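Accompanying notes for the structure given below.
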Amino acid sequence: MFFPGFILGYLIYGTMHYAIHAWNPPFKWMKPLWRNHHLHHYKDHDRGFGVSSSIWDHVFGTFFIGVDEDKEKAQELMFEKKQK
């Protein structure tokens, strides 16, 4: 039971990580998750570890609170769309 659960969890993590770098949040309630992950990449690598959930960032105090997101830097983290 452990191995299939681990694989499923990793697939969810990988899918969410790709989605955060490929698209804007599809739902308004997902915006803090996107913001937290973007801040992790360019502001502080020791905070904002949650990709598919921010629960553990809240539990361990690593969630970004009161930090403004730099829209330009967040845009640089997005995958570039290929032009035809």
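Which percent of the accessible heavy-atom area of the chain goes to carbon and sulfur, probe 1.4 angstrom?
Values: 4220 of 6690 Å².
Carbon plus sulfur share of accessible area: 63 percent.
Could you sort Leu33, Leu77 by their accessible area in this structure, using a 1.4 Å probe and putting the largest first?
Descending order: Leu77, Leu33.
So what's the back-of-envelope 222 nm ellipticity for the chain, counting only DSSP H runs of four-plus at -39500 (n - 2.57) apiece and dividing by all residues, rounded to 500?
Details: 4 runs with 44 residues, N = 84.
-16000 deg cm²/dmol, from helical runs alone.
With +1 on each Lys and Arg Cβ and -1 on each Asp and Glu Cβ, and nothing else charged, work out how big the dipole of region 1-66 is about its Cα centre, in Debye to the nearest 20. Kindly include the intermediate steps, with their values, before the conclusion.
On the way: 5 positive and 3 negative charges, 47 e Å.
The calculation lands at about 220 debye.
Count the lysine pairs in the chain that are 8 or more places apart or on different chains: how many have C-alpha atoms under 27 angstrom apart?
Summing the qualifying lysine pairs gives 19.
Leaving out ligands and nucleic acids, and using a 1.4 Å probe, what accessible area per residue does the chain come to in Å²? Walk me through the numbers on the way to the answer.
Details: 6690 Å² over 84 residues.
Roughly 80 Å² per residue, with all protein chains present.
The values are calculated or read from the model by the stated rules, or taken from the named source; none is laboratory data. Treat the numbers as computed from the prediction; the structure is a model and nothing was measured. Note that we place each Cβ from the backbone using ideal geometry, even for glycine, and neighbour counts take in every protein chain shown. Accessible surface is based on the protein model in full, side chains and every heavy atom, while ligands, DNA and RNA are left aside. Shrake-Rupley method; radii C 1.70, N 1.55, O 1.52, S 1.80 Å.
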